[in-house]
Amino acid sequence: MLHHLFLTLEYPPAKGGVGRYTAGVAKHLPRGTVTVLAPPLPGDAEYDRASPVAVLRRPLLSARMWPRWLPMIGIVRRMVRRGDRVLVHVGHVLPIGTAVWIALWRSNVPYLVYTHGMDLSLPRTSPAKRWLVRRILRSAVRVVTNTRFTQGL
């Protein structure tokens, strides 16, 4: 059975569209096949108990090291070893996509990326970030956009 691992910086009970979007996608996948990995938030225990999907709360960004997303590489590698067939869902091109791209480099584990607009328009001001975003998206098995405008970016 295929297991879906979602990595996101925004997930309920956080307010906002990206979190609601991710929760909506996750709950429509086959029951028992989804794990969402998201940062801890006030009130998350109550939300997670009622959630139709498994939610693991871990600090995904470090306050003490640079780059801040570096711990995610190890987290992703440990999580994908647990299942035989895993599809990783990347909730944000930067920084999560960077960690997933590095963690899964030279592996047979596929990932897909969800884009929301600003995660594609903000990196356009930096040549290094534009290069990185292109690599992350080209290595994904699928890129999901929320609008036609985002698709154009």
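The values are calculated or read from the model by the stated rules, or taken from the named source; none is laboratory data. Quick caveat: nothing in here was measured; it's all calculated off a predicted structure. Here the Cβ is made from the backbone with ideal geometry for all residues, glycine too, and neighbour counts use every protein chain on show. Keep in mind that these areas ignore ligands, DNA and RNA; they rest on the heavy atoms of the full protein, side chains included. Shrake-Rupley method; radii C 1.70, N 1.55, O 1.52, S 1.80 Å.
Scanning segment 49-67 for residues that are open to solvent by 30 Å² or more (accessible area, probe 1.4 Å) and not hydrophobic (A, V, I, L, M, F, W, C) yields 49, 52, 57, 58, 59, 64. Can you tell me which residue within segment 110-129, out of those that are in contact with a strand residue (DSSP E or B) (Cβ under 6 Å, 6 or more places away or on another chain) and without any contact (Cβ under 8 Å) to a residue 40 or more places away in the chain, is farthest from residue 80 (Cα to Cα)? My answer is 115.
So that you can scan it fast, the table gives a plain yes or no per residue for (1) in contact with a Pro (Cβ under 6 Å, 6 or more places away or on another chain); (2) touching a residue at least 12 places away in the same chain (Cβ under 8 Å); (3) of a type in the set (A, V, I, L, M, F, W, C); (4) not in a helix (DSSP H, G or I):
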| position | (1), (2), (3), (4) |
| --- | --- |
| 49 | no, no, no, no |
| 64 | no, no, no, yes |
| 75 | no, yes, yes, no |
| 97 | no, yes, no, no |
| 102 | no, yes, yes, no |
| 131 | no, no, yes, no |
| 134 | no, no, no, no |
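Looking at 98, 115, 125, just one residue is β-branched (Val, Ile, Thr) and open to solvent by 30 Å² or more (accessible area, probe 1.4 Å), and that residue is 125. Just one of the numbered conditions (1) surrounded by 15 or more Cβ atoms within 10 Å (Cβ to Cβ); (2) farther than 24 Å from residue 138 by Cβ; (3) free of Cβ contacts under 8 Å to residues at least 40 places away in the same chain is not true of residue 35: (3). If you filter segment 77-93 down to residues that are assigned to a helix (DSSP H, G or I) and open to solvent by 50 Å² or more (accessible area, probe 1.4 Å), you find that the one that is farthest from residue 129 (Cα to Cα) is 81.
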